Structures are given as structure tokens and as C-alpha cells.
Amino acid sequence: MYDFISRNGRILEKGQLVGVHWNSHKNVYSIVEFKSRNTAGLVIGYAMSVTLFNCTVKIDKSKQKTVREKNRKDRHAFIVGYVEDINLKEELANKMYYNPYKVDSFVDKDFFEKEELKYLSRLKRVHMNYDFQSNKPEVTYD
């Protein structure tokens, strides 16, 4: 896999079940081993771009509450799925948004313009990429 930075020699394989979150301290996506969709393991490594398939959203509500109360970022929100590829330069059809101070879970980025707030839970594919022009992480999905 191209441009994957391993942590402590750990290996990432295509088809492996992982959870991915934006690491704001390192400005990179952290890829975490998941033993099941609900059980996180160790950080496998880091990448600027990750594409997963057969995805679900995992929010640790107790950590989310702490983030809101202390106004301090903490690892609590993951996209969990199977690794399709690392560092593809593709963007999927829809953009995703998550801000723990404004919404409870991941939503379509257009939710500001819609009358109904619909949380995303199961997704066919998710592509996470760092946009160097805007200096922000971007998440798109099918």
C-alpha cells in the first residue's frame, strides 16, 4: 500500500477491518485495528487518504460528552469498514460532515440546507482525504 506509515512495524492489509479517525494532533488519518465493529484495538498506522467499503459509523457517546463538556478534542468518532485502498485520489458522490459541538453523529454535508437532519450509519464506501488547499480533512461517501 502506497504512503502508509506503519506504527511500530504493524501491517495493514486490503480487506482488513479497521476504524479510521482524523488525528488533529498529527494532521493525518489514524488507522486503528478493529477486532469487531465495536471493539477497537491498537493504532496500525497513518495515511493522508484512506478508502473503506461496507462501512458503519461508531461514536463513543461517553467520550463525545466529555469532548463537549471540556471543549477538548479526543478520539471518539470512527468510520469502521474494510480497507479498499490507501492514498487514492478520488472523491465520491456525497460529502460527509461531523462536528461534535453541532451534531451527534456524521451527517451529509448539505444538512445545513435541508429541513431534516438525518444521521448516517451504514455506507457502501467512504473515502477520507486531506485537502491541502483548504487545509482540512474531507470525507466523501456513496
Q) Would it be correct to say that Lys89 is assigned to a strand (DSSP E or B) and surrounded by fewer than 17 Cβ atoms within 10 Å (Cβ to Cβ)? A) no
Q. If Val18 satisfies every condition in (1) in contact with a helix residue (DSSP H, G or I) (Cβ under 7 Å, 6 or more places away or on another chain); (2) not in a loop (DSSP other than H, G, I, E, B) but one, which is the exception?
A. (1)
Q | So Ile44, is it in contact with a Lys or Arg (Cβ under 7 Å, 6 or more places away or on another chain), more than 22 Å from Lys136 (Cβ to Cβ) and not acidic (Asp, Glu) | A | yes
(Q) Just checking, does region 45-59 include any residue being modelled with pLDDT under 95, exposed (fewer than 14 other Cβ atoms within 10 Å of the Cβ) and either polar (S, T, N, Q) or in a loop (DSSP other than H, G, I, E, B) (or both)? (A) no
Q.
Any residue in region 108-125 that is under 15 Å from Val139 (Cα atoms) sitting within a Cβ distance under 9 Å of a residue that is among the acidic types (Asp, Glu) and outside any loop (DSSP other than H, G, I, E, B)? List the pairs, counting only those 6 or more apart or interchain.
A. Leu120/Asp108; Arg125/Glu84
Q: Determine whether Val67 is surrounded by 17 or more Cβ atoms within 10 Å (Cβ to Cβ), among the β-branched types (Val, Ile, Thr) and assigned to a strand (DSSP E or B).
A: no
Q) Right, Ser134: part of a loop (DSSP other than H, G, I, E, B) and either under 23 Å from Asp60 (Cβ atoms) or in contact (Cβ under 8 Å) with a residue 24 or more places away in the chain (or both) or not? A) no
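The values are calculated or read from the model by the stated rules, or taken from the named source; none is laboratory data. What you see is a predicted model, and the numbers here were worked out from it, not measured in a lab. Virtual Cβ from ideal backbone geometry, glycine too; neighbours counted across all protein chains shown.
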